[in-house]
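To start, the structure under review is shown below, and the notes come after it.
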Amino acid sequence: MSTSLVFTVRRHEPELVAPAKPTPHEFKYLSDIDDQEGLRFQIPVIQFYRNEPAMSGQDPVKIIRKAVAEALVFYYPFAGRLREQPGRKLMVDCTGEGVIFIEADANVRLEEFGDALQPPFPCLEELLYDVPGSGAVLGCPLLLIQVTRLMCGGFIFALQLNHTMSDAAGLVQFMSAVGEIARGARVPSVPPVWERELLNARNLPRVTFLHREYDQVPDTKGTLIPLDDMAHRSFFFGPTEMAALRKHLPSHIRTCSTFEVLTACIWRCRTIAIKPDPEEDVRVICIVNARAKFQPPLPVGYYGNAFAFPMAISSAEKLCKNPLGYALELVKRAKADVTEEYMRSLADLMVMKGRPHFTVVRTYLVSDLTRAGFGEVDYGWGQPVYGGAAKGGVGAIPGVASFYIPFRNHKGEDGIVVPICLPAPAMERFVKEIESMTNEPPVDRFENNITTFIISPM
């Protein structure tokens, strides 16, 4: 999508939308997974909706504002403010003050954005306005919502969430509740469940896994991504691209998941592009949803953070010089680490070590949003043309994270869009590496050949 599109957004003054009815004024602690340092930031989400003739004369701003107020009756902690207790423990002061809501109009039509609606979006800072003083973790509104009407009758719904409150699944649950109420429901179909104590540390904390993702790694070679001259670009991986990637793999691991193959490929190509010292360790973090890892599983309706940051590690030289299968085996093993005991150990580590940030030095983080459901939220205008992350590289350390977003291209092919954020020179190298991997190889490299990789313990 071209980012050369320029338009004007006229915003009304930001307002606070409070719950539609009185709600309990109480204090609710976050879990020991929620309040880790690596989640203390705002995460942006955006959805684009077409004009819907059946909704002619209906104003999406008014309908959504009213639905948000009614949804907050059930999700009233979102209307509160975070406070910090001794030991850096976070809790919600359920004040009922409300969330920030911005009404806006843009002199642009949805079709002007083009067929390929994907990050980076033009004028994003106008579609999701950063209200001065609203971005802090403590004492600020926990949600910011902007609804922007378009000239064609469509609209854009953009949201910013304090990540300590919810992960993608929890946020989609809230947004779906807003959608259901906007379409006439009186109560959400999935009642929200707080119960953050389910992911608290044990009475006698004990760390039973290495948790290399929280290693304190000094940046001795200055390899943190610089923030100036950053290039933002999205890459589409459809059936053709994924088939090409799998041809770079030996037959016995070709049936690995799309997430695993894609993560291995991007980690390897990105590492080649940023040119770290060959002897330095490089890392990839794969966010793993742990809801089903528990016995019994976490209750349906739980909307807190319920994921882990398992990490794969390799020397840069081994990652870049070995075939793709080497990276894939590392990614598979990291994902397999996440169990209920792993999550218990993680919560214990947070309490024992002061809620540290995950390692960001020479680290790349990926989050799979393909099943999160951002593209299925319906406020009465049907499903969005695009729903997902507003940009790549978000987080406490910009440039570290990417999201996998479900996407249908102009050919009607379903695939995954991955926004990437890199310094401009590295982005040029990354594009070349990705193209060399996704262009159809002339022959099957691994036909009649099985390759075994010897991977030393982390």
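The values are calculated or read from the model by the stated rules, or taken from the named source; none is laboratory data. Worth saying up front: this structure is predicted, and the values here are computed from it rather than measured. FYI the Cβ positions are ideal-geometry reconstructions off the backbone, even for glycines, and counts take in every protein chain you see. Ligands, DNA and RNA are stripped out before the accessible areas are found, and what is left, the full protein with its side chains, is counted by its heavy atoms. Shrake-Rupley method; radii C 1.70, N 1.55, O 1.52, S 1.80 Å.
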Inside segment 176-223, can you point out the residues that are touching a Leu at 6+ places or on another chain (Cβ under 9 Å), open to solvent by 50 Å² or more (accessible area, probe 1.4 Å) and at positive phi?
Glu195
Have a look at Gly96, Gly139, Gly133 and point out the one that is of a type outside the set (Lys, Arg), modelled with pLDDT under 95 and not in a helix (DSSP H, G or I).
Gly133
Within segment 268-286, does at least one residue satisfy the condition of being touching a Phe, Trp or Tyr at 6+ places or on another chain (Cβ under 7 Å) and farther than 18 Å from Ala316 by Cα?
no
Of the numbered conditions (1) under 27 Å from Val360 (Cα atoms); (2) at pLDDT 95 or above; (3) not polar (S, T, N, Q), Ala244 satisfies every one except a single condition; which is it?
(1)
Selection over segment 22-60 where residues are assigned to a helix (DSSP H, G or I) and either in contact with a His (Cβ under 7 Å, 6 or more places away or on another chain) or under 28 Å from Val137 (Cβ atoms) (or both) yields a count of 3
Test Thr359 against the criterion of being crowded, with 20+ Cβ neighbours inside 10 Å and at pLDDT below 95, and give yes or no.
yes
Would you call Phe446 surrounded by 14 or more Cβ atoms within 10 Å (Cβ to Cβ), at pLDDT below 70 and more than 21 Å from the chain's Cα centre (by Cα)?
yes
Any residue in segment 310-325 that is within 30 Å of Tyr75 (Cα to Cα), at pLDDT 95 or above, touching a strand residue (DSSP E or B) at 6+ places or on another chain (Cβ under 6 Å) and not in a loop (DSSP other than H, G, I, E, B)?
no
Taking segment 259-276 and keeping residues more than 22 Å from the chain's Cα centre (by Cα) and either at positive phi or open to solvent by less than 10 Å² (accessible area, probe 1.4 Å) (or both) leaves Ala273, Lys275
Residue set Glu126, Glu112; condition under 29 Å from Ala20 (Cα atoms) and of a type in the set (D, E, K, R); output residue Glu126
Given (1) among the aliphatic types (A, V, I, L, M); (2) touching a Leu at 6+ places or on another chain (Cβ under 7 Å); (3) not in a helix (DSSP H, G or I), number of the condition Leu117 does not satisfy
(2)
Can you find, within segment 277-327, the residue that is most open to solvent (accessible area, probe 1.4 Å) among those that are of a type outside the set (A, V, I, L, M, F, W, C) and without any contact (Cβ under 8 Å) to a residue 12 or more places away in the chain?
Lys321
Reported set for segment 249-263 where residues are of a type in the set (A, V, I, L, M, F, W, C) and either within 14 Å of Leu369 (Cα to Cα) or in a helix (DSSP H, G or I) (or both) is Ile253, Phe259, Val261, Leu262
When you look at Ala79, is it free of Cβ contacts under 8 Å to residues at least 60 places away in the same chain, over 19 Å from Val385 (Cβ atoms) and surrounded by 20 or more Cβ atoms within 10 Å (Cβ to Cβ), yes or no?
no
Which residue, of Gln47, Gln42, Gln85, Gln36, is under 25 Å from the mean Cα position of the chain (by Cα) and open to solvent by 10 Å² or more (accessible area, probe 1.4 Å)?
Gln42
